[in-house]
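The values are calculated or read from the model by the stated rules, or taken from the named source; none is laboratory data. Predicted model, so just to flag it, every value in this text is computed and none were measured. Cβ atoms come from the backbone with ideal geometry, glycine included; neighbour counts cover every protein chain shown. The accessibility values were calculated without ligands, DNA or RNA, using every heavy atom of the protein model including side chains. Shrake-Rupley method; radii C 1.70, N 1.55, O 1.52, S 1.80 Å.
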Amino acid sequence: MSRIGKIARRTFLIGSVAVVGGVAFGAWFVGRPAPNPLQPKDGEAAFNPFVMIDDKQITLFAPRAEMGQGVETTWAALIAEELDVTLDQVTVLHGPAAKAYYNSAMVGEGLPGKGYDNSEFSHWVGDKLGHLGKLFDLQLTGGSTSMKDGFERMREAGASARETLKEAAAKRLGVKRADLKTEKGAVIAPDGSRIAYTELAAEAAGLDPVTADLRDPGEWTLIGQNQPRTDIVAKTTGTATYGVDVRLPGMKFASVRMNPRLGAPMNGFDASAAHTMPGVEKVIDLGTGVAVVATNTWLAMQALEAIKFDWGEAPYPSETDAVFDTIARAFDDKPNSTMRDDGDVSVLPEGATEVTADYSLPYLAHATMEPMTATALLEEGKLTVWAPNQAPTIIAMKCADAAGLETDQVEVNTTYLGGGFGRRTEVDYAVYATRVAAEMPGTPVQVTWSREEDMTHDFYRPGAMARMRGAVKDGKAVLLDGKVAAQSCTFQAMTRITGLGGGGPDKVHVEGAFNQPYAIPNYRMAGHLAQLDVPVGFWRSVGNSFNGFFMESFIDEMAIAANRDPLEFRIELAEAEWAPAAGVLKAVAEMSDWKARKRPGRGLGVAMIYSFGTPVAEVIEVEEQDGMIRLTNAWIACDMGIALDPRNVEAQMFSGMVYGLSAAMFGEITFADGMVEQQNFPDYEALRIHTMPKVEVRVLETQDHLGGAGEPGTPPAAPALANAIFDLTGKRARRLPLMHDFNLFV
Amino acid sequence: MSKTLTINGKTHTVDLPGDVPLLWVLRDEVGLTGTKFGCGVAACGACTVQIDGEAVRSCQVPLEDVWGEVTTIEGHGTPDALSALQEAWITHQVAQCGYCQSGQIMQAAALLAQTPRPTDAQIDEAMSGNLCRCGTYPRIRAAIHDAANRMEG
C-alpha cells in the first residue's frame, strides 16, 4: 500500500520533479507486460487482454464502465476495425478487474499546461507518462479519457490478433501470410475460400502474437461511422443487467442507513422494533451506521425506518452559510495554485474600464438513476463482488481490505451502470456490501440504498466561490484576474484511495478557468483550497463545472461592459489564441442565426469552454411565456479532432448539456444540523421532457488531437443559460440554482 | 398475505405482507428485474408498469391493491419479438445508461394505446413524470412519433 500510495501521489498530481522521477521509473516498468487476465481454456485463444476467440464465438473486451456514454460500442469498434469483424459478429464483455486494463490516458491528463496548446511532442510525453496509470493499476473510467486511451492500443490489439490468425491460416494452407486477406471474421485464402476465425482459434492459440502496422484512416470502415450501440437491444427490452439486477441462488436483500452527518460516528442505535418486522433476517452494526438484511429490499428499507439512531456530530460546520463562510475564508490563504499568470494583472491598463463580480455555486449531488448498490459473496478465502462501478481495481483493493483478504482473492464483476457521472469512481457501496457479506459467509447479499440514502450520502460536487476582476478597453478584454475557492476533490479522493493526502498544485480545482483559449494579455488564475471535511468527489466535468460558469459568466459581463456582442467578443478572443475554439463559436452563431434571431421576449446566451481536450460552444435560447422563463432552443458545436462515432458524440453532447442545465436550474445540496437537506428527486429536480429545449448538435473535426466526449458538453450549459436569462431580463445570475432568483417554467 | 397475480400472461402466487409495493414483488420475488427502482416516491417513473393497460408507478401500488393484469417491460416485447415501439427506440438509439428506459417505454406504450398520433404537447403531458438523467428526451420524442407512424402504417 505504501508503495502504491507514494507512486499514486507523485503521478496523480504531477509536479515537475515527480514527472522526472516517474518517467525514469515508469520507462522500465511500463515495458513489462501486465499478466493477461483472460485465462483461455483448450480451444480458446486469448490473443491479448482484449480479444478472445474459441470455436464458437469472438469476444472483445471493453474493460471500461458502460454508464451510458457508449464506450462499450466505440471501444469494440476500435478493435473490430483492425480485426476485420463487424460488431454484430462479436460479443462484447467488460471483463475482470485487471492490471492489463489500466487507463493510459488518465495520468497524461494530469500534465501541467493548458492542453489546447500542446505540441505533438508533449502529447507524446503525455501518452508515455500515461502508462504510469499502469503502475497503480488504475483501471478507471472517467475524465473523458476512454477514447484517448484506447484509440491506438485497441487498434493495435485488433491488428495483432488479425495477423496471428492469418499466421495460423498460412501454416495450415502452406502459403505466406502476406498472400492472405481478412474480411468479416474470416481469413480469405488465395483461391478465395474462407476460413472463419473461430475455426482457427485452436491453431492460433499456440502461436506467438504477430504485430502489425495500423491502417491508414482512409481505409477505416467502422471508425468515424455511426454504430448501433452494442447494448441497445438489452437496454430497450429490460434485459440489460445493472447492479440492482444481479440475482444469485439464495441471495438476500439488504439496505443501509449510515450517519447522515457525513463522516461522523454513530453513538448507538435501538433496533428492537426492526428485529421483529416481516422478512428481517439480520441487523448488522457497521460502526457509522446499520445494515438490515431481509428477504426483500423494501422490507429491509422499512426495518431501517424503525431503528432509532443516536448520531454523532458532523466534522464540518452544520449549516450551509457556515460552510460557505469557511470556503470564503480560503481567499485569505496563500493560493494552492497559480496555473496561469500571463502579463501583469496588478496594473490596470491605461484607459481600461475595470469590471468585477463575485459568484457562488452550491454543492451538487450526482443523482444517478440507479441508486448506489453492490452485491457480495464471501466464501472460504474468496470474495466476489458485483458492482456497477467506474474503478474495479480500487474496488478489489478496498473490498479485500474490508474482508481481510489479499486483492488477488477478490473477483470484481462490473455490471452496466445506471448512470455514473463520477459517483461510481468511489467504492463505498461495494465496501458496505462486502462488510455485510462478511457477516454471512456463503450467502450472497445485495445491498441497495434508498434514494434518500443515496442523495444524502454522496461525494458532492464542491460548493465553489469566485472573485473575478477584469478590464476592457477598445471593445476587448485586456485583463482577467480570477480567484477560485473550493474544496479539493482530488486531494480527498487520493486520500480515500491511497490513505495519503495529496500535495502540490491541484489542476482539477482550477480547470476550466486557467486554461481557456482566450487571448487576454494579462491573465491570472489562482486556486484557493477550502479546508473542509464535507465529502466531495468527481462530478461530470469536475472543476470545469464551476470554473466554466465563473469564466463564461464573467466573459459575458466583460463583453457587456465593453458594449460588444457577447458572441463576437468571444470569437475575437478565441481566434487570436486557438482556431478550433473560434470555430465552435462561429458554428453556433450560424446554427442559431444568432443576430437575426433576437427579438423582444426572447433571450440568447452563449458560452464556450475547452475541457478534456474538446472545445464546446453552446447557445441557449429562452423565452418569456405566461410570465415564466422557458428554455426553447439549444445549439451545440464541438470539435474533438476525430469523431469516432458521430451519432454517439451527438448524444453525449446533449446529454452533457442536460446534466449541466438541470444543475443550473434546480440543483443544490444544502446542510442543516450537519445533514443534507435534499432527500429525493422532488427536492432535487432535473430537466424533464416538457422542460427540455429543442437541440441541434454539430460535430466538427478540425483540431489535431483526439478530445473527450462524455463531459465537455456539461460546462458551457449553465453559463450559456445564465447569459440567456441576462439577455432576456437584464438581471445577472451570480449564484445558482436559478430557481431561487427567476420564475422558471417547471 | 398470499395473493395470485397475473403478470405478462402468467400467474404467480406470492406470500408477502400486503403493503409490499408491486415493484418489489416483481423484482425481488418474481425475478422480473426489467422494472427499475429509482426513487420510491413516484417522482421518477423508472418503475412504470401497466395494470390493465394503464401506466402506473409500481413503487406506489401495494400488493394487496393490485387490481388487474400486470404488464412489465418483459411482457411488452423481447429481444426476439420486439414491439414496434421498441423497434423505434432502437432505430433512434435512444438509450444511454438505459436505466430509465423500461419505464419510459411502458409509459409511451400506454400513451400510444390511448392516443395513436400524439402531438408534442401530448407527449410532454404523458411523459413528464419519467425522469432521464442522461437527458435522452429528444430521441424519446422522436421514437414516439416514429412508432406512431409504424403502428399506423
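When the C-alpha to C-alpha distance is required to be over 20 Å, the pairs from A:Lys252/A:Lys382; A:Lys473/A:Lys595; A:Lys114/A:Lys148; A:Lys476/A:Lys586; A:Lys252/B:Lys36; A:Lys334/A:Lys483 that qualify are A:Lys473/A:Lys595. Cross-link reach is defined here as a Cα-Cα straight distance under 18 Å, omitting same-chain residues fewer than 8 places apart; for A:Lys731 the aspartates and glutamates meeting it are A:Asp358, A:Glu552, A:Asp556, A:Glu557, A:Asp565, A:Glu621, A:Glu623, A:Glu624, A:Asp741.
Which residues does a label at A:Glu439 reach in segment A:298-329, if reach means a backbone N under 15 Å from a point 7 Å past the Cα toward the Cβ? Label zone hits: A:300-309.
Taking amide H as placed 1.01 Å from N in the peptide plane, the amide H of A:Ala254 sits under 5 Å from that of A:Ala294, A:Gln446, A:Val447, A:Thr448, each at least 5 places away or on another chain.
What number comes out for the charge environment of A:Phe50, summing +1 per Lys or Arg and -1 per Asp or Glu over other residues with Cβ under 10 Å away? Don't skip to the end; give the middle numbers.
Numbers: positive: A:Arg153; negative: A:Glu156.
Taking every Cβ under 10 Å from that of A:Phe50, the sum is 0.
For segment A:361-388, accessible area lost to neighbouring protein chains reaches 20 Å² or more, against the chain alone with a 1.4 Å probe, at A:Met369, A:Pro371.
Classify segment A:597-746 as rounded, prolate or oblate, taking a ≥ b ≥ c as the square roots of the eigenvalues of its Cα gyration tensor: rounded when a/c is under 1.5, otherwise prolate if a/b is larger than b/c and oblate if not. If you can, show how the numbers build up before the last one.
On the way: a/c = 2.09, a/b = 1.35, b/c = 1.54.
Note, shape of segment A:597-746 comes out oblate.
Going from the isolated chain to the complete set of protein chains, segment B:106-136 loses at least 30 Å² of heavy-atom accessible area (1.4 Å probe) at B:Asp124, B:Ser128, B:Leu131, B:Arg133, B:Cys134, B:Gly135. Rolling a 1.4 Å probe over the protein chains gives A:Met397 an accessible area of about 30 Å². Which of rounded, prolate or oblate describes chain A when judged by the alpha-carbon gyration tensor and an a/c cut-off of 1.5? Cα axes put chain A in the oblate bin. Relative to the current alpha-carbon distance between A:Glu305 and A:Glu350, full extension at 0.36 nm per residue lengthens the span by 9.6 nm. Just the protein heavy atoms count here, and of the accessible area of segment B:84-152 at 1.4 Å, carbon and sulfur take up 49 percent.
Heavy-atom accessible surface of the protein assembly as shown, averaged per residue, reaches 35 Å², computed with a 1.4 Å probe. Per-residue 3J(HN,Hα) values for segment A:536-545, derived from phi via the Karplus relation 6.51 cos²θ - 1.76 cosθ + 1.60 with θ = phi - 60°, read 10, x, 7, 10, 2, 5, 6, x, 4, 5 Hz in sequence order (x marks Gly and Pro).
Calculated [222 nm] ellipticity per residue, helices only, for chain B: -10000 deg cm²/dmol; basis is -39500 (n - 2.57) per DSSP H run with n ≥ 4, divided by all residues, nearest 500. The Cα center of segment A:394-420 and the Cα center of segment B:122-153 differ in position by 38 Å. In chain A, the calculated helix contribution to ellipticity at 222 nm averages -10000 deg cm²/dmol per residue, counting -39,500 (n - 2.57) for every DSSP H run with n ≥ 4. Rounded to whole Å, give me the distance from the Cα center of segment A:594-666 to that of segment A:140-206. Each part reduced to its Cα centre gives a spacing of 42 Å. Determine the share of chain A's accessible area contributed by carbon and sulfur atoms, expressed in whole percent, with a 1.4 angstrom probe. That share works out to 50 percent.
In segment B:43-74, the residues whose accessible area drops by at least 10 square angstrom when the other protein chains are added to the isolated chain are B:Ala43, B:Cys44, B:Ile73, B:Glu74; the probe is 1.4 Å and only protein heavy atoms count.
Heavy atoms only, 1.4 Å probe, whole protein assembly: order A:His275, A:His528 by accessible area, highest first. Walk me through the numbers before you get to the answer.
Numbers: A:His275 110, A:His528 5 Å².
Result, largest first: A:His275, A:His528.
Under a Cβ-Cβ cut-off of 14 Å, what is the net charge of the residues other than B:His145 that fall near it, where Lys and Arg count +1 and Asp and Glu count -1? Net of charged neighbours comes to 0. For segment B:84-152, what class follows from the C-alpha gyration tensor (a ≥ b ≥ c being the square roots of its eigenvalues): rounded when a/c is under 1.5, otherwise prolate if a/b is larger than b/c, else oblate? Cα axes put segment B:84-152 in the oblate bin. Rounded to the nearest 5, the antiparallel percentage of DSSP beta bridges internal to chain A is 75%. When accessible surface is computed with a 1.4 Å probe, chains A and B are found to bury approximately 4600 Å² between them, both chains counted. Taking the protein heavy atoms of segment B:2-76 in the context of the full set of protein chains, the accessible area attributed to carbon and sulfur is 40 percent at 1.4 Å. Count Lys and Arg as plus one, Asp and Glu as minus one, and take only other residues whose Cβ is under 14 Å from that of A:Phe324; the net charge is then -1.
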